[in-house]
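Undergrad: Here you go, one structure.
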Amino acid sequence: MGGILLQIIKIIIVSSNRELAMFGQDFGHRLRELRLAQGLTKEKFCEGDEVLSVRQLTRIETGKSQPKLETLEHLARRLNISLSELLGERAVGSKLPVEYLNLKYQLMHATSLDKPNNLMKLDEKLGKIIDSYYDDLPADEQRVVDILQSKLYSYTSKTHQKFGMSILEKSLPSLCEKRVYTINDLLLIELYQISLGDGDSMRSDGFSEGTFYTICRNLINSYDNIPTEYLFLLRDALLVVPIVEYERKKFHLSEVAFNQLHRIMEETQDYQKKPILRMLEGQYLYVVKNDIFEAKKAYQEGIILARLLGDTTLADIISEKMRDVMKE
C-alpha cells in the first residue's frame, strides 16, 4: 500500500504529457486576439514564412505547443509589436528578462522527472538561469530559483535526499500566517508536500495536523488569486489533500478539494490529472460514504481515462489501488 502511495505522489507532482504555451492557454488566446485584431487569417499570417507554418501557429494558439524565445521574437516581428506587448502586462510589469521568465515557466511545468534525458535538459535550463540571471534577480525570484533547484535535486539524488528543507524551515511560519497564496508560495508548498514523505510518515505522531490544515485551507482560499495559466500548481497541491486524509483516516477537506479540482480542470480544460482525481474520489466514496457502486464507477472512469491518455502505467496503478481499497 505504501509503495503505491509513493508512486501516486510522484505521478501527482511530475506526470503530465501535455505541452502548454509559455504562459499557458492564456498566451495562445492573446496571440490569436492580436492576430485577428490586425485582420490576419492564419494562412495570411504565415504566408511566405519559412519559420512558422499554419500547423505550428495553431498548436501555439491552442496552448498545445510551447514557443521558444526565438519563436516569440519572430511572432512579435510578424505582428509588428514589441515582445513585451506580445507577452502582455504580466511580463512588462515584472521587469524581468523574457528568457528568464520562459526558462522559469518551463522548470515550473517540468514533466516526467523520472526520465534521465528530461532531467538533463532541465538541469541545463537551470544552469542557464543560474549562470546568466541569478545574481541580478530580486531576492524573491532568487528564492524561487532555489526552490526549483531543490525540487530538481530531490529527483536526481540517488539516495532520495530531501533538498531544500532549510528553505522550507525558514519559510513555513510565514506560509501559515498567510490567508491566500501566490504562485511562488505554491512552489514552496510543493517542497512542503515532498517533505511529508510516505504513508508511514503521514500517519506518524510527528505529523503536524495544525500546519497541514492551515496550509490546506489557505490553498482552498487561493483559487481566485492564481492566474489561470498557473492553476496547474494549485491543482497538484490540492491533489495531496485527499491522499494525506486517507492515510490518516480523517476526512475534513477532501470533498471541498474534489470540488475545487473539478473547477480547475473545467476552467483550464486540462484533464491530464483527471484519472488521479477519479481514483481519489473512488477511495473516498468507498471508505467514507460506503457507496460501493459509485466508488467502482469512479475507479473505472479513472482507469479508462488513463488509458485514453496513453498512460497504461497509471491505469495499472489505479486498478491495483481499487483492489487494495475494496479489500479493506
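The values are calculated or read from the model by the stated rules, or taken from the named source; none is laboratory data. Computed from a predicted structure; not experimentally measured. Neighbour counts run over all protein chains shown; Cβ positions are idealised from the backbone, glycine included.
Undergrad: From the list G206, G199, which one is surrounded by fewer than 20 Cβ atoms within 10 Å (Cβ to Cβ), within 27 Å of K321 (Cα to Cα) and modelled with pLDDT of 85 or more? Lay out the reasoning, then the answer.
TA: Details: G199 fails: surrounded by fewer than 20 Cβ atoms within 10 Å (Cβ to Cβ).
Unique residue meeting the criteria: G206.
Undergrad: Let me ask another. Which residue pairs have Cβ atoms under 9 Å apart, sit 6 or more places apart or on different chains, and have a first residue in the stretch 80-98 that is over 17 Å from K68 (Cα atoms) and a second that is at pLDDT below 75 and hydroxyl-bearing (S, T, Y)?
TA: What qualifies is V92/S84.
Undergrad: Could you check how many residues of the stretch 273-303 are assigned to a helix (DSSP H, G or I) and polar (S, T, N, Q)?
TA: Residues in the stretch 273-303 being assigned to a helix (DSSP H, G or I) and polar (S, T, N, Q): 2 in total.
Undergrad: Take the residues in the stretch 169-196 that are of a type in the set (D, E) and either at pLDDT below 90 or crowded, with 21+ Cβ neighbours inside 10 Å (or both); name whichever of them is farthest from the chain's Cα centre (by Cα).
TA: So the residue we want is E169.
Undergrad: Between L308, L285, which is closer than 18 Å to F251 by Cα and among the aliphatic types (A, V, I, L, M)?
TA: Being closer than 18 Å to F251 by Cα and among the aliphatic types (A, V, I, L, M) holds for just one of L308, L285, which is L285.
Undergrad: Return only the number of the condition from (1) modelled with pLDDT of 70 or more; (2) surrounded by 15 or more Cβ atoms within 10 Å (Cβ to Cβ); (3) in contact with a helix residue (DSSP H, G or I) (Cβ under 8 Å, 6 or more places away or on another chain); (4) charged (D, E, K, R) that D26 does not satisfy.
TA: (1)
Undergrad: Name the residues in the stretch 111-129 that are modelled with pLDDT under 85, touching a Phe, Trp or Tyr at 6+ places or on another chain (Cβ under 9 Å) and of a type outside the set (D, E), would you?
TA: Selection gives L113, L119.
Undergrad: Still on this structure, please answer the following. If you scan the stretch 36-72, which residues turn out to be acidic (D, E) and more than 26 Å from the chain's Cα centre (by Cα)?
TA: Matches in the stretch 36-72: E43, E47, D49, E50.
Undergrad: If the Cβ limit is 7 Å and pairs must be 6+ apart or interchain, which residue in the stretch 182-194 that is closer than 13 Å to L148 by Cβ pairs with which residue that is of a type in the set (D, E, K, R)?
TA: N184/D140; E190/K151; L191/K151; I194/K162
Undergrad: Follow-up question, since we're still on this one. Could you please give the count of residues in the stretch 130-150 that are crowded, with 17+ Cβ neighbours inside 10 Å and either modelled with pLDDT under 80 or in a loop (DSSP other than H, G, I, E, B) (or both)?
TA: The qualifying residues number 2.
Undergrad: Counting residues that are at pLDDT 75 or above and touching a helix residue (DSSP H, G or I) at 6+ places or on another chain (Cβ under 8 Å), which helices (runs of 4 or more DSSP H) fully inside the stretch 37-98 reach at least 3?
TA: Working: elements: 42-46, 54-61, 69-79, 83-87, 89-94.
Of the helices (runs of 4 or more DSSP H) lying wholly inside the stretch 37-98, those with at least 3 residues that are at pLDDT 75 or above and touching a helix residue (DSSP H, G or I) at 6+ places or on another chain (Cβ under 8 Å) span 42-46, 54-61, 69-79.
Undergrad: If I ask for residues that are of a type in the set (A, V, I, L, M, F, W, C) and surrounded by fewer than 19 Cβ atoms within 10 Å (Cβ to Cβ), which ones from the stretch 233-276 would you list?
TA: Result: F251, V256, M265.
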